[in-house]
Amino acid sequence: MLMPNLTIEIKAIPNSPLFRIEKKNNQVIIHCKSPPEQNKANLEIVKELGRLTGSRVKIVKGLRSKRKTIVIDDISEEEFLKKL
């Protein structure tokens, strides 16, 4: 059975000492090591979320913003939150 795609809103914090994901006040915050230049932070977010979930990840809104909308294929929200 195919799972639906999950769409989540995240806040990205670039230039962090290490990559980590936290859930705070019903918001997903992603701390990434890369700087917010030349698409580096976006690429790190997509790569690390893909590795964590084992699914394809795509940023669909907010490529130039700290607030982003991300689609993760074939995962439920419950399953995603368990992996955090």
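None of the figures in this text is laboratory data; all of them are computed from the coordinates on show. From a predicted model like this one, the values you see are computed outputs, not experimental measurements. For neighbour counting, all protein chains shown are included, and Cβ atoms are generated from backbone atoms with ideal geometry for every residue, glycine included.
Observations
- Full-stretch length increase - Asn15, Lys40 - with 0.36 nm per residue and alpha-carbon distance subtracted: 8.0 nm
- Relative to the current alpha-carbon distance between Arg56 and Lys83, full extension at 0.36 nm per residue lengthens the span by 8.2 nm.
- Label zone at Ser65 (point 7 Å along Cα-to-Cβ), backbone N below 17 Å, segment 17-46: 27-30, 42
- Summary of the geometry: segment 30-84 and segment 7-29, compared by the centres of their Cα atoms, lie 9 Å apart.
- The relative contact order of the chain comes to 35 percent, based on Cα pairs under 8 Å that sit 6 or more residues apart.
- Which label in (1) 7.7; (2) 6.1; (3) 5.1 gives the computed mean projected area of the Cα convex hull in nm²: (3)
- Alpha-carbon Rg/Rh ratio, for segment 24-66, with Rh computed the Kirkwood way: 0.96
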